[in-house]
1. Among all lysine pairs in the chain that are eight or more places apart or on different chains, how many have alpha carbons less than 18 angstrom apart?
2. Rounded to the nearest 500, what is the chain's calculated 222 nm mean residue ellipticity when only DSSP H runs of at least 4 contribute -39500 (n - 2.57) each, over all residues?
3. Give the order of Ser23, Ser35 when sorted by the count of other beta carbons within 10 angstrom, beginning with the fewest.
4. To the nearest 10 degrees, how steeply does helix 3-43 sit against the main Cα axis of the chain, on a 0 to 90 scale?
5. Over the stretch 3-138, what relative contact order in percent results from Cα pairs under 8 Å that are six or more residues apart?
6. Using Cβ contacts closer than 10 Å as the measure, can you line up Tyr78, Tyr54 from fewest to most?
Amino acid sequence: MYENKLKHLEFIHNTINRMSTNSFIVKGWAITLISALFVLAQKDSNTTYAILTYFAVPIFWYLNAFFLLQERRYRSLYDDVRLKDEASIDFSMDTRGYNTGQNTIKECLKSKTIWPIYCLMLLIPIGIYLCCNLIKYSC
């Protein structure tokens with residue numbers, strides 16, 4: 001009955017799942033790498049490792065926002081395909097027409113599911129640096 005429409009929606013849904021999985025994996029890698037840098041900074045008493053955080057975190061933040069952006073665009077495409085007639089299904093996966101509203105990289109960078117994690121990762125090295133200096137000068 002609506003076989004083409006269901007198949008197209010399934011394709012889009014699978015893509016949305018891939019994007020959300022990629023976003024989750026990027027967060028995991030970011031936390032792992034930043035934790036490793038903190039351990040190295042503490043182990044060697046070298047704050048240079050903590051400073052590397054300021055280069056790594058923005059890269060992971062952008063990657064995570066990029067995958068969220070793609071996910072949002074495919075959700076918009078899903079909504080459009082959901083409302084189409086069976087005869088107008090063309091199996092297009094083109095999301096270029098969905099670059100408005102929340103579907104911008106700027107909005108994704110500010111997303112409440114992304115910015116708190118990465119801001120925290122940027123604040124932790126400052127805390128480590130301050131604690132290391134307090135301990136160093138108090139002894």
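Where a number appears in this text, it was derived from the coordinates with a stated rule and is not lab data. These numbers were taken from a predicted model, which means no experiment stands behind them. Because the Cβ atoms are built from the backbone with ideal geometry, glycine has one as well, and the counts that use them run over all protein chains shown.
1. On the way: Lys5/Lys84; Lys7/Lys84; Lys27/Lys110; Lys27/Lys112; Lys43/Lys136.
Taking the chain as the scope, the lysine pair count is 5.
2. Working: 4 runs with 106 residues, N = 139.
Per the formula, -27000 deg cm²/dmol.
3. Ser35, Ser23
4. The helix 3-43 is inclined about 0 degrees to the chain.
5. Working: 108 pairs, mean separation 44.8, N = 136.
Relative contact order comes out at 33 percent.
6. Numbers: Tyr78 17, Tyr54 12.
Listing Tyr78, Tyr54 from fewest to most nearby Cβ atoms yields Tyr54, Tyr78.
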